[in-house]
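Reviewing the structure listed below.
The values are calculated or read from the model by the stated rules, or taken from the named source; none is laboratory data. Since the structure is predicted, the reported quantities are computational estimates derived from the model, not experimental observations. Here the Cβ positions follow ideal geometry from the backbone for every residue, glycine too, while neighbour counts run over all protein chains shown.
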Amino acid sequence: MKKRSRIQDSLGFQAMGLLCSFTMYGYLQEKIMSGTYGPHKFRSTVILVAFNRLAGILVAIYMQSYHLGNSLRPRHPIWAYASVSLSNFLSTLCQYEALKYVNFTTQTLGKCSKMIPVLLLGVLVYGKKYSWRNYAAVGLVTIGTTVYMVTTNIKSSDNKFSTVRGIGLLVGYLLFDALASTTEARLFQRGNERSRAKDKSSKDTSAGFSKDEMVYDQMLWTNICSLGVSGFVISTDKRRSLSSFLQIAFSPYGPRLLLDIALLSLSASIGLIFLLTVIATFGALTCSTLMTSRQFLSIVLNGVAFRNGRNVGTLGWIGIGYVASGVQLELSNKKKVKQEKEDMPLSPTKHGKGKESNTGTLARYLFLPIVGGILAHITSIILIPSHIAIQSRSAELFPTSPIFTYGNQTYTRSQIQHLSATTNCPEPPKRSFYPFEIPRTALASFPRSGNTFTRELVEHSTGYFTTDVFCNSPHWYKFHQEYFEEACEHPENNLLVKTHAPEFTSYGDDDAEWLPLVEEFERIVQVVRNPLDSLWSFWHFLRNDLNHTSRIAGIDLLGLHHLSELDLMAHAWVQHTEYWMNLDKPRVMVRYEDFRGPDQIQHLSRVLTTLLPDDQLPEMERLICADDDRKIAYQSRKARNFYSWDHYDPELRQLILEAVKGPWCALGYEDLLRKERGIKGVDCD
């Protein structure tokens, strides 16, 4: 057996190894589960768990057999490893699944919040008594988590349903992780007892189990059992377990995914070695302190790496600081209790300095997070320029890629260009009703933002009707009556339902007219358009007998004397955009500008994939032909993006941009304006 050096046994070496390996693990975890590989999202969570376990087995075999020269036979009954592996498998599965619905920071804060239910259950159910430091720690974590959740957009494309689902998975992770940790501790305890018994009964001083031997034994056989569980799950649900993995693995992005999975599995295995070694050598409290430090280090580094740290904001970082402060106070309290049990006086008392006052302790834990949060926000602003943060946010909402998947086939931009040039487009198919009842899907947009254009793209590519939310109601205009009359005969068999609500909250009399209609929707396709073009077009529309194609003659510039009405319209645009973005329903978002750009087909495919099952999607040629000339062609469709820029007095335009700044920046319009026109609109910092 090879002897370990003093450096390997030192806390500094073990701490550095643990921090580096698990920080890399946290980065790769978020990259794989939250990122994209070209047009694909990785969803095969069980496959990821299986690769992790396989890597753990290989590392454990190497360390146990080759490095230490020990036998690979199990030191405990197989059922003991199986009990650990089942909890370990389920905790890892919940951990990865949670990242589909919440980001890494939310996941980390959720892990730290487990002390809250522990204390509440202890007091309310078991009648336990806790010190003021325990209550203070729980209070700090509660405050921090609340501040973060309230002030931070957990994920731009998420809704409350997804958030609740993610938090539920985090609860599952905490439960199964606690079960795994408890069982692991029992295995180590049994190993130590057997080691001491063998030492007493044998003259050979090497007869007992060493710390390393127990670590790699547990790592090997627990991972073998977990791999068996993973294999069973994969074999019973091949479609869900394998489809996403195989789709990416056999695409041009396959090598990148496999490299990320290999590095993730390797970092997890190496991290587990350091973790178990620290527990066996320095105790669970030291390990908890190091893992807590690692978690908050990962929050900062992942925020920089994934360009979302800037979006957390000052209050969000302060909330994170309070959670860290609460966890640190809890660890400090555990250390204090341990020292008191061992009758080890604290060094300040020994030197006559006296114990730290309660006031001083609270002051430190209350005010340091504020300072740290401000510094973290400043650092994120320095490291993540605003235009990069904007690009990152809009890329999540409106994803495009040189390669994308539609149905069961992968397309490149060059293939789409070739098909567009060579496809001979016939007349659009006669519209018909969708043959089955379909979830009621809103096509929501602010007026003059591309609703009709989007509907006709969908109708021309699928051949199915779309309809209007006010079928046969008094709010119908003559144009709507003519266009939607046939579609309204079977409203439950239409792919999309046009709506401009809640623009009536500003231009109508009663919210009750539109709110019940909106609540009936089960899915959302939301179309947005830059507010400058949208408001300019809508202003003319309201003054021209609701004519969709003409403009008011002689009005080429809107000035400050139009401010009152345009300010009302700008706030209505913000209200409408944010209302639909925040609804708790499945959605897909598209920008009107993207529908008119080079990736129109890719964005149309996103909409159709949301509406129809894969086996009912129209052929790609139908999508390419969907944008043929139409009988009704809006004048705005012929204009370039941001064509209305010079139709506003500069001072009026700036006031409008300030009014719409939040969604304008979040939807990437500032970045789009600078790219297409070379003009700066507002500062999105």
- Task: Could you check how many residues of region 432-451 are within 26 Å of the chain's Cα centre (by Cα) and part of a strand (DSSP E or B)?
- Result: 4
- Query: Ala136 versus (1) under 21 Å from Arg294 (Cβ atoms); (2) of a type in the set (Gly, Ala, Ser); (3) in the same structural domain as Gln328 (by TED's automatic domain parsing): which is the lone unmet condition?
  - Reply: (1)
- Message: Go through region 410-434 and report how many residues are among the aromatic types (Phe, Trp, Tyr) and over 30 Å from Gly254 (Cα atoms).
- Response: 2
- Message: Checking the structure you have, find out if any residue of region 92-100 is modelled with pLDDT of 75 or more, more than 23 Å from Ile32 (Cβ to Cβ) and assigned to a helix (DSSP H, G or I).
- Response: no
- Could you tell me whether region 34-49 includes any residue that is surrounded by 18 or more Cβ atoms within 10 Å (Cβ to Cβ), at pLDDT 80 or above, over 30 Å from Pro402 (Cα atoms) and in contact with a helix residue (DSSP H, G or I) (Cβ under 6 Å, 6 or more places away or on another chain)? no
- Contact list, first residue from region 583-605 and more than 22 Å from Pro447 (Cβ to Cβ) and among the hydrophobic types (A, V, I, L, M, F, W, C), second anywhere and modelled with pLDDT of 90 or more and assigned to a loop (DSSP other than H, G, I, E, B), beta-carbon distance below 6 Å, six or more apart or interchain, is none
- Query: In region 614-685, which helices (runs of 4 or more DSSP H) lie fully inside it and hold 2 or more residues that are modelled with pLDDT of 90 or more and surrounded by 14 or more Cβ atoms within 10 Å (Cβ to Cβ)?
  - Reply: 620-625, 650-659, 669-677
- Query: Just one of the numbered conditions (1) buried (at least 21 other Cβ atoms within 10 Å of the Cβ); (2) of a type outside the set (Val, Ile, Thr); (3) at pLDDT 80 or above is not true of Ser564; which one?
  - Reply: (1)
- Of everything in region 41-88 that's in a loop (DSSP other than H, G, I, E, B) and without any contact (Cβ under 8 Å) to a residue 40 or more places away in the chain, which residue is nearest to the chain's Cα centre (by Cα)? Pro77
- Give me the pairs: first residue in region 639-661 and in contact (Cβ under 8 Å) with a residue 12 or more places away in the chain, second residue of a type in the set (Gly, Ala, Ser), beta-carbon distance under 8 Å, and six or more apart or on different chains, which are they? Tyr643/Ser636; Ser644/Ser537; Asp649/Gly559; Leu652/Gly559; Ile656/Ala570; Leu657/Gly681; Ala659/Ala570; Val660/Ala570
- Message: Against the definition (in a helix (DSSP H, G or I), modelled with pLDDT of 70 or more and surrounded by fewer than 17 Cβ atoms within 10 Å (Cβ to Cβ)), how does Val215 come out, yes or no?
- Response: no
- Note on the structure: Per the filter on region 540-559, residues surrounded by 14 or more Cβ atoms within 10 Å (Cβ to Cβ) and at pLDDT 90 or above are Leu558
- Query: If you go through region 388-408 one residue at a time, do you hit one that is at pLDDT 65 or above, crowded, with 17+ Cβ neighbours inside 10 Å and at positive phi?
  - Reply: yes
- Return the only residue of Leu227, Leu285, Leu275, Leu264 being modelled with pLDDT under 75 and assigned to a helix (DSSP H, G or I). Leu285
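Condition check ((1) surrounded by 22 or more Cβ atoms within 10 Å (Cβ to Cβ); (2) within 22 Å of Gly168 (Cβ to Cβ)) across all residues:
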residue: Gly12; (1), (2): no, no
residue: Leu18; (1), (2): yes, no
residue: Met24; (1), (2): no, no
residue: Ile32; (1), (2): no, yes
residue: Gln64; (1), (2): no, no
residue: Ser71; (1), (2): no, no
residue: Tyr81; (1), (2): yes, no
residue: Phe89; (1), (2): yes, yes
residue: Met115; (1), (2): no, yes
